[in-house]
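Novice: Attaching a single structure in structure tokens format; questions to follow.
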Amino acid sequence: MLNKLLILARAIALGAVLSTVSLPAAADSVSDAKLEELQKKLDQSMKMIEALGARVKELEGHTSNGTVAAAAPAPDPQRLQAVEQKVAQIETANATRQTDDSGLPIHGFADVNVGNHNLYFPYAKGTNVGSLDFYLAPKLGDRVVSLAELIFETGPDGHVGTDLERFQIGYQFNDQATVWVGRFHTPYGYVNTALHHGVWLADSLRRPKFVNFEDKGGVMPSHTVGVWVTGAEREGNGKFLYDLYAGNGQQIQGGTLDMQTGGNGHGAAIVGARLSYQFIGGAVDGLLVGVNGFTDKVNDDSTNPALIRLNMVGAYAVYDTDTWEHIIEAYSFHDKNLNGSPGTHRSEAWFAQFGYRASWGVPYVRYERAMLDQLDPYFNEQTFGASYYRSALGVRFDINAKSSIKFEVAHTRNTDDRPATDYRPSDAEIGLPQQYDEILAQYAVRF
Amino acid sequence: MSKGRRTLKKNTGRNSLQRSTILCGAAALMLLAAWCPAADLRAGVSLEELPQGWHDDRARDLTLTALQGHRVVLTMAYAACHRLCPATMDEFKRMQRVVDARGEIVDFVIVGYDPKNDSPAVWHQYRLSRGLNRDNWHFLSGSQTATEQLARKLGFPFWTYDEHVMHESRAVLFDTSGAQRAVLGSRDPRWSDAL
């Protein structure tokens, strides 16, 4: 019997230790001081309640014995109310502490697709699994911020791969300045830093092709591994936003741009900035305009690697209201070969998307155009680096707050004839059609 | 020798049983620890039990208990939301029309999910741009702690994805004494029916 009790005691002790350990470590010193103060107040309040409780019992005892002490003062209702209110405040404060320490919730997004072409890799057809996106944003204190986006997704080869798409740890000095270090979405345009990987979030079924992620047909460095400073300053009826960043220069690997998560071999960097202004209120409430640019040194993984100075300048405008979502982004590239045959190359790409937020759904129309110089190794060596235009018409229906169905019909035409090079096979060998029509459906959820 | 082995086996068995019992107990306590915070999500939380320190869109202090005496419909929203929150505002407008027709007064309270971005000035602009100018509509901002506390007590689950707030469509109706009377959600076709 004694042994059983001993075992039970051990179990309780271990459980208590484990349940304590399962909570995150101590809060910062400020929170501790506040908690200590709250604990003191709680202790005082509990003592007061006990005293009042004892007094009430005493009075009840007198009543039941028929000997009500006429001279005994009744408990002060106002004081009782004040005590109750104080206890309620302390309870809620403690409850908040429990929530802060109750572990890390996992949220995310997922999507599946059906179409006569794969929405990213047109050489594949039928049903395809899009991505399973786990988003984690552990709270590490008042100013220390972090986020991770871990994705399981189908790659160009049809196999499911895992990618730590974003991993950032930062420090928030104030609203005007937060510094992030890690792998982040490169701050250019609107789509790349507003819509991220969660497909459910976007009104459209997919991003414009040239601003898609590197492994989904995009030709721009949508991820950077480095340091990013960002902030905003309210100014009258609007807000200035800025982004400054520097990170590892990218490399083209197997026809796909890689952000060099482990550091790059040539030691060069990407450096860029974005400046935006958001109108708040008035006739242009919801309008956001901005300019951006970066300079990057990119090489490839061939035996005789090309080295390219990639320079981009761009501008964008977004009109985002309860009724409309219009997005326009335009980019101009001025690239320079740094070895091999010298030369400079100029390319342009832009898209315009117009959406209407009706009560029944969100219809949208989009046109995108990329005119990419094929003498520029930066575009020529990328599998999806051909010039193209695409017109698309789509609609989003929300089934409930967590799931949506989207449909899109699109026509795409590649306007470059891309024969095989020393670096990559021809588009025909890869199976990329010169032009194709798509009928696509997507079921996207958040959780 | 064999007896010793048997004894050893027996002891090992007992130790194993003890370990199992300890682990089961520990697991049960861990489950209990994990379950305890959920107990705070009890139904029927009154206005008095909610955090009280809020600022309206003119940066004036407002306590929720100050609204007692009228019925209160409370929801949570964020100003940059263009998907669910506009629909919630439409439901509130429909409810306003119903109570106007009855000659009643109901306070509509909208608490910001995102106090970092949704300052009183932002809410003030929000109501101006949408014509939500009635005095009985209160757009409130509070501390992050108070916001999370209120959301938890009233069952408004939310999480943030960068600058986006992932949330649901929901409102809570309180009677004139501040007691909770109904919870409205996306499954309720017309929230005004609850009035």
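The values are calculated or read from the model by the stated rules, or taken from the named source; none is laboratory data. Bear in mind that the values here come from a model prediction, so they are computed numbers and not experimental data. For neighbour counting, all protein chains shown are included, and Cβ atoms are generated from backbone atoms with ideal geometry for every residue, glycine included.
Novice: Could you tell me how many of the residues in region B:149-160 are buried (at least 20 other Cβ atoms within 10 Å of the Cβ) and facing another protein chain (nearest Cβ under 7 Å)?
Specialist: Counting residues in region B:149-160 that are buried (at least 20 other Cβ atoms within 10 Å of the Cβ) and facing another protein chain (nearest Cβ under 7 Å) gives 2.
Novice: Next up: Determine if region B:176-189 includes at least one residue that is more than 17 Å from the chain's Cα centre (by Cα) and aliphatic (A, V, I, L, M).
Specialist: Checked region B:176-189: no residue is more than 17 Å from the chain's Cα centre (by Cα) and aliphatic (A, V, I, L, M).
Novice: Same structure, new question: Among the residues of region A:396-447, which ones are farther than 14 Å from A:G385 by Cβ and β-branched (V, I, T)?
Specialist: A:I399, A:I405, A:V409, A:T412, A:I439, A:V445, listed by residue number.
Novice: Here is a list of conditions, (1) at pLDDT 95 or above; (2) more than 27 Å from the chain's Cα centre (by Cα), and A:G108 meets all of them except one; can you say which number that is?
Specialist: The single condition A:G108 does not satisfy is (2).
Novice: Take A:D335 and decide whether it is touching a helix residue (DSSP H, G or I) at 6+ places or on another chain (Cβ under 7 Å), more than 14 Å from chain B (Cβ to nearest Cβ) and modelled with pLDDT of 95 or more.
Specialist: Answer is yes for this residue.
Novice: Consider only pairs whose beta carbons are under 9 Å apart and that are at least six residues apart or on different chains; among these, list those whose first residue lies in region A:187-199 and is closer than 16 Å to A:D215 by Cβ and whose second residue is at pLDDT below 95 and part of a loop (DSSP other than H, G, I, E, B).
Specialist: Pairs found: A:H196/B:D162.
Novice: With (1) farther than 20 Å from B:G69 by Cα; (2) buried (at least 19 other Cβ atoms within 10 Å of the Cβ) as the list, and B:F174 as the residue in question, which single condition is left unmet?
Specialist: (1)
Novice: If you go through region A:396-447, how many residues are of a type in the set (V, I, T) and over 26 Å from A:I106 (Cα atoms)?
Specialist: 6
Novice: Of all the residues that make up region A:147-172, how many are charged (D, E, K, R) and over 13 Å from the mean Cα position of the chain (by Cα)?
Specialist: Adding up the residues that qualify gives 3.
Novice: How many residues are part of a loop (DSSP other than H, G, I, E, B) and either of a type in the set (A, V, I, L, M, F, W, C) or under 29 Å from A:T193 (Cβ atoms) (or both) when one looks only at region B:135-161?
Specialist: 5
Novice: Mind counting the residues in region B:162-185 that are in a loop (DSSP other than H, G, I, E, B) and under 30 Å from A:K139 (Cα atoms)?
Specialist: 5
Novice: Among the residues of region A:131-142, is any in contact with a strand residue (DSSP E or B) (Cβ under 7 Å, 6 or more places away or on another chain), more than 30 Å from A:A370 (Cα to Cα), in a loop (DSSP other than H, G, I, E, B) and small (G, A, S)?
Specialist: The answer is yes, given that some residue of region A:131-142 is in contact with a strand residue (DSSP E or B) (Cβ under 7 Å, 6 or more places away or on another chain), more than 30 Å from A:A370 (Cα to Cα), in a loop (DSSP other than H, G, I, E, B) and small (G, A, S).
Novice: Next question. Step by step: first the residues of region A:110-132, then only those that are of a type in the set (A, V, I, L, M) and buried (at least 19 other Cβ atoms within 10 Å of the Cβ), then the one that is nearest to A:G161 (Cα to Cα). Which residue is that?
Specialist: That would be A:A110.
Novice: Just one of the numbered conditions (1) assigned to a helix (DSSP H, G or I); (2) under 18 Å from B:L154 (Cβ atoms); (3) more than 10 Å from every other protein chain (Cβ to nearest Cβ); (4) touching a helix residue (DSSP H, G or I) at 6+ places or on another chain (Cβ under 7 Å) is not true of B:F92; which one?
Specialist: B:F92 satisfies every listed condition except (4).
Novice: List the residue pairs whose Cβ atoms are under 6 Å apart, where the first residue sits in region B:161-177 and is more than 8 Å from every other protein chain (Cβ to nearest Cβ), the second is of a type in the set (G, A, S) and in a strand (DSSP E or B), and the two are 6 or more positions apart or on different chains.
Specialist: Close Cβ pairs (under 6 Å, with a partner that is of a type in the set (G, A, S) and in a strand (DSSP E or B)) amount to B:R170/B:G185; B:L173/B:A182.
Novice: Right, another one. Tell me which residues, restricted to region A:403-417, are closer than 30 Å to B:M166 by Cβ and free of Cβ contacts under 8 Å to residues at least 60 places away in the same chain.
Specialist: Across region A:403-417, the qualifying residues are A:I405, A:V409, A:A410.
Yes/no per residue for (1) assigned to a strand (DSSP E or B); (2) of a type outside the set (G, A, S); (3) away from chain B (no Cβ under 14 Å):
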residue	(1), (2), (3)
A:N304	no, yes, yes
A:R309	yes, yes, yes
A:M312	yes, yes, yes
A:A317	yes, no, yes
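Novice: Which of the residues spanning region A:356-382 are away from chain B (no Cβ under 14 Å) and in a loop (DSSP other than H, G, I, E, B)?
Specialist: Listed by number, the residues that qualify are A:L372, A:D373, A:Q374, A:L375, A:D376, A:E381, A:Q382.
Novice: Taking into account only those residues within region B:54-81 that are among the β-branched types (V, I, T) and either in contact with a Lys or Arg (Cβ under 9 Å, 6 or more places away or on another chain) or in contact (Cβ under 8 Å) with a residue 60 or more places away in the chain (or both), which is surrounded by the most Cβ atoms within 10 Å (Cβ to Cβ)?
Specialist: B:V73
Novice: Filtering region A:159-218 down to residues that are outside any strand (DSSP E or B) and of a type in the set (S, T, N, Q), which residue is nearest to A:R366 (Cα to Cα)?
Specialist: Result: A:S204.
Residues are listed down the side, and each one gets a yes or a no for (1) touching a residue at least 60 places away in the same chain (Cβ under 8 Å); (2) farther than 23 Å from A:F379 by Cα; (3) in a strand (DSSP E or B):
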{"position": "A:I252", "(1), (2), (3)": "yes, no, yes"}
{"position": "A:L257", "(1), (2), (3)": "yes, no, yes"}
{"position": "A:Q260", "(1), (2), (3)": "no, no, no"}
{"position": "A:G263", "(1), (2), (3)": "no, no, no"}
{"position": "A:G272", "(1), (2), (3)": "yes, no, yes"}
{"position": "A:V284", "(1), (2), (3)": "no, yes, no"}
{"position": "A:L288", "(1), (2), (3)": "yes, yes, yes"}
{"position": "A:T295", "(1), (2), (3)": "no, no, yes"}
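Novice: In region B:69-87, which residue that is within 14 Å of chain A (Cβ to nearest Cβ) and not aliphatic (A, V, I, L, M) is farthest from A:W324 (Cα to Cα)?
Specialist: Top of the filtered list is B:T75.
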